[in-house]
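Worksheet for the structure shown next.
Every read-out reported here was derived from the displayed coordinates using simple, explicitly stated rules and does not represent laboratory data. Quick caveat, the model's predicted, so the values are computed rather than measured. With ideal geometry, Cβ positions are generated from the backbone for all residues, glycine too; neighbour counts draw on all protein chains shown.
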Ligand SMILES: Nc1nc2c(c(=O)[nH]1)N[C@H]1C(S)=C(S)[C@@H](COP(=O)(O)O)O[C@H]1N2
Ligand SMILES: [Mo]
């Protein structure tokens with residue numbers, strides 16, 4: 001049987017509604033949302049640090065980071081400005097791998113980035129295989145405007161939690177709101193419970 005000429009476009013719009021959180025629409029584009037200019041850290045100067053309430057702080061250079069086992073994952077992402085993008089493909093290192101050697105009693109994390117952006121989340125949300133430090137998108141190095149060389153990817157929370165140009169994690173005994181969380185975004189940000197703003 002021949003495919004109808006509309007096969008591809010119909011496939012794009014016939015999205016399984018069960019995959020789209022409340023209030024979101026699906027886009028095939030990839031919008032750029034940055035609160036400031038795009039920092040440009042060359043890999044030779046890039047490091048990733050886990051610090052704060054830990055038994056000992058740890059820092060990886062670019063080469064050390066790239067020698068860690070990595071995986072390619074396909075996930076859906078959901079921005080609080082209401083676009084969702086399905087089946088995005090990323091390559092990176094699971095945060096479970098990075099945090100595996102760290103002992104801590106902390107229950108909170110503040111991720112920090114070049115340019116000063118921060119975002120907070122429970123440590124449990126990023127230490128159980130549901131969050132990655134990604135360096136490639138669709139098989140190509142992550143573009144600077146999308147957070148290259150490396151960004152956080154926490155797809156089960158709204159996309160503002162996926163800090164671009166990420167340089168480290170501060171483990172904390174007490175929760176500390178990040179950049180958007182201080183400006184009234186929800187502290188946790190579950191798209192399926194539509195936790196967009198404080199009080200949602
Ligand atoms: N460092 C940094 N990370 C950031 C942001 C930012 O402004 N700075 N914006 C956040 C928001 S609100 C969203 S929706 C996504 C956008 O990622 P994109 O530009 O790759 O689509 O990045 C998040 N991570
Ligand atoms: Mo966003």
**OP:** Please specify each residue of the range 113-128 satisfying the condition of being assigned to a loop (DSSP other than H, G, I, E, B) and within 13 Å of ligand 1 (Cβ to nearest atom).
**Re:** 114, 115, 116, 117
Original post:
Would the range 164-185 turn up any residue that is buried (at least 17 other Cβ atoms within 10 Å of the Cβ), without any contact (Cβ under 8 Å) to a residue 60 or more places away in the chain and touching a strand residue (DSSP E or B) at 6+ places or on another chain (Cβ under 8 Å)?
Top reply: no
**OP:** Tell me, yes or no, whether the range 172-193 has at least one residue that is outside any strand (DSSP E or B), in contact with a helix residue (DSSP H, G or I) (Cβ under 7 Å, 6 or more places away or on another chain) and more than 11 Å from ligand 1 (Cβ to nearest atom).
**Re:** yes
Original post:
Of everything in the range 43-60 that's without any contact (Cβ under 8 Å) to a residue 40 or more places away in the chain and more than 16 Å from residue 101 (Cα to Cα), which residue is surrounded by the fewest Cβ atoms within 10 Å (Cβ to Cβ)?
Top reply: 44
**OP:** Could you run through the range 115-145 and say how many residues are under 18 Å from residue 35 (Cβ atoms) and out of contact with any strand residue (DSSP E or B) (no Cβ under 6 Å at 6 or more places or on another chain)?
**Re:** 6
Subject >> Of all residues in the range 75-106 being away from ligand 1 (no atom under 16 Å from the Cβ) and over 15 Å from residue 131 (Cβ atoms), the one that is surrounded by the fewest Cβ atoms within 10 Å (Cβ to Cβ) >> reply: 103
Original post:
Of all residues in the range 129-153, how many are part of a loop (DSSP other than H, G, I, E, B) and either within 10 Å of ligand 1 (Cβ to nearest atom) or in contact (Cβ under 8 Å) with a residue 40 or more places away in the chain (or both)?
Top reply: 8
